[in-house]
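Report on the structure given below.
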C-alpha cells in the first residue's frame, strides 16, 4: 500500500460511523471515496468474488451499492442509509446489505452448504441464507443483533444453529424440543431476527 493510501486510511479512521454516513448522504466525495473505495474495498472484493455478478470489477460493484443505499424507497421516501440505526458498525451493515443485494440478484460461485437438511423445504430459504450469512460477520456485532431480539429462546436457537453451526437435530436436542416444535420455533426465530435487521435498515 502506498504512503498516500496509508494516510487516507488513517484519516478515515478518525471519523465515527455516523459522521461517515452523514458525509456519504451529503455527497462528500473524499470521505465517500476513502471509506467505500479504499477502506471497504477488501469487503466488496470478497463479495464480488463469491457471486456471479454483472460487475467486471469490485469497483463496479461498489458503484452499484453506492446508488442502491442512497436511492429513496417508494414506500417511505428515505434511503437504506438514512434508515440505518447505528446499532452495529457501518462496515457490518454494508456487508449485510451487499450480501443480500447479491443474493437476490446473482448466483453464488460456490454451492450453499445446506448441512444435508432434507427438511429445508419447510423453511423460508430467503431467510435461511440471510441468517446463515451471520456466520461470516464480526461476533461482537452478531451478539448485539441477537440481544435486540425480544425473545431470548429465539435468539438462543439462532445462536446454536447459525453461529455455532449445529445441525437442526442437535439444536432441537439442546433446546429439548420435538422436531415439529423445533421447526415452528425455527421459523418464528428467523422472522424475529430478520425483523431486527429490518429495523436497523439492513434489509
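The values are calculated or read from the model by the stated rules, or taken from the named source; none is laboratory data. What you are looking at is a predicted structure, and each value in this text was computed from that prediction instead of being measured. Please note: Cβ atoms are built from the backbone with ideal geometry, for glycine as well, and neighbour counts cover all protein chains shown.
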Enumeration of residues in region 147-203 that are without any contact (Cβ under 8 Å) to a residue 12 or more places away in the chain and within 30 Å of residue 73 (Cα to Cα):
147, 195, 198
Going through region 161-188 one residue at a time, which ones are crowded, with 16+ Cβ neighbours inside 10 Å and under 21 Å from residue 92 (Cα atoms)?
161, 162, 163
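Taking helices (runs of 4 or more DSSP H) that fall entirely within region 25-95, which contain at least 3 residues that are touching a helix residue (DSSP H, G or I) at 6+ places or on another chain (Cβ under 8 Å) and within 25 Å of residue 106 (Cα to Cα)? Give the steps one after another, and end with the answer.
Values: elements: 29-32, 41-50, 58-70, 80-83.
Output list reads 41-50, 58-70.
Within 17 Å of the chain's Cα centre (by Cα) and either closer than 25 Å to residue 90 by Cβ or modelled with pLDDT of 55 or more (or both): which single residue out of 156, 135 fits that description? Walk me through it before giving the result.
Values: 156 fails: within 17 Å of the chain's Cα centre (by Cα).
Unique residue meeting the criteria: 135.
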